[in-house]
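Remarks on the structure that follows.
Readers should treat all values here as calculations from the given coordinates under stated rules, not as data from a laboratory. Nothing here was measured: the structure is a model prediction, and the numbers come from that model. Cβ sites come from the backbone with ideal geometry, for glycine too, and all protein chains shown count toward neighbours.
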Amino acid sequence: MSAPAARSQVSQAPQAATTRPRNPGQIGARPFALLRATLFMAALLPLARLVVLGVRDALGANPVEFVERSLGTWTLVMLCVTLSITPLRRATGWTWLVRLRRMAGLYAFFYAVLHFTTYLWLDQWFDWAAIVKDVAKRPYITAGFAAFVGLVPLAATSTSAMQRRLGGRRWRNLHRLVYAIAGAALLHYFWHKAGKHDFAQPAIYATIIGVLLLARLRRPAAAAITEASIPPRTGR
């Protein structure tokens, strides 16, 4: 091979590398930043709606109850969004979805804090004796309180620094509590709606959470079966 031909092949190698197709599971830094900012603002829309309705005096005959229920519902919605990210990533191969999970989880905690604060302040007026009695004697309040308390350590350990401090395995085991928390939140929602004979919406959320939990449970089982089916390697 002549020297000019060799140089031509060498010069074409970087160009071939640059034209290699992008991994479909990845997304560029700029598009991802735009997407994350858009989703961040979109997640604030339920709160903005409540503010607008409050300014217009359009929160209904019982404004406190309307605000409290709306914030509780959006807490459950954000929990469902958080739980759906891992199954959606596995189904689509979009690895960048994992980078949105922390934001979704923190928004679930954000709306839970607003929901709980509305209960403490506008509903109970910080009457701690009445609050303790309410939590102890009303099952749906007990379930909601348990779900909120469970969210606190997950939010507190959501940072990368806390993940490194706890270690990957302990951090994952702790954050698997989100399924129990979602169950408690669903129970809280169901009991509250059952008092008004409204079972349609709880059934929808129960189906969503049930499907997501099954998707989570089937993945480790499938991995275990695959591993067991591989014959052990023998030395030469």
Protection proxy ranking of 138-147, 47-56 - average other beta-carbon atoms within 10 Å, highest first: 138-147, 47-56
Explain nothing, just compute: Karplus ³J(HN,Hα) = 6.51 cos²θ - 1.76 cosθ + 1.60, θ = phi - 60°, for every residue of segment 66-72 in order, whole Hz, x for Gly and Pro. 4, 5, 4, 5, 4, 5, x
Quick check for me: using +1 on Lys/Arg Cβ and -1 on Asp/Glu Cβ, what's the dipole size of segment 26-229 about its Cα centre, in debye to the nearest 20? 1040 debye
Hits among aspartates and glutamates - C-alpha to C-alpha of residue 137 under 17 Å, sequence gap 8 or more where chains match: 123, 127
Label point distance in nm, residue 174-residue 122, each placed 7 Å from Cα along Cα→Cβ: 3.2 nm
Which residue, chosen from 109, 45, 33, occupies the Cα position most advanced towards the positive end of the dipole of segment 26-229, where the dipole is computed from +1 (Lys, Arg) and -1 (Asp, Glu) charges on Cβ about the Cα centre? 33
By per-residue mean of other Cβ atoms within 10 Å, what is the highest-first order of 99-109, 171-181? 99-109, 171-181
Residue-ordered couplings for segment 79-89, obtained by feeding phi - 60° into the Karplus form 6.51 cos²θ - 1.76 cosθ + 1.60 and rounding to whole Hz (Gly and Pro as x), are 5, 5, 4, 4, 5, 7, 5, 5, x, 5, 4
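Starting with the highest mean, order 182-192, 31-41 by the number of other Cβ atoms within 10 Å, averaged over the residues of each peptide. Kindly include the intermediate steps, with their values, before the conclusion.
On the way: 182-192: 20.9, 31-41: 11.9.
Descending mean neighbour count gives 182-192, 31-41.
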Tell me, what HN-Hα J-couplings in whole Hz come from the Karplus equation 6.51 cos²θ - 1.76 cosθ + 1.60 at θ = phi - 60° for each residue of segment 141-152, using x for Gly and Pro? 5, 4, 5, x, 5, 4, 5, 5, 4, x, 6, 4
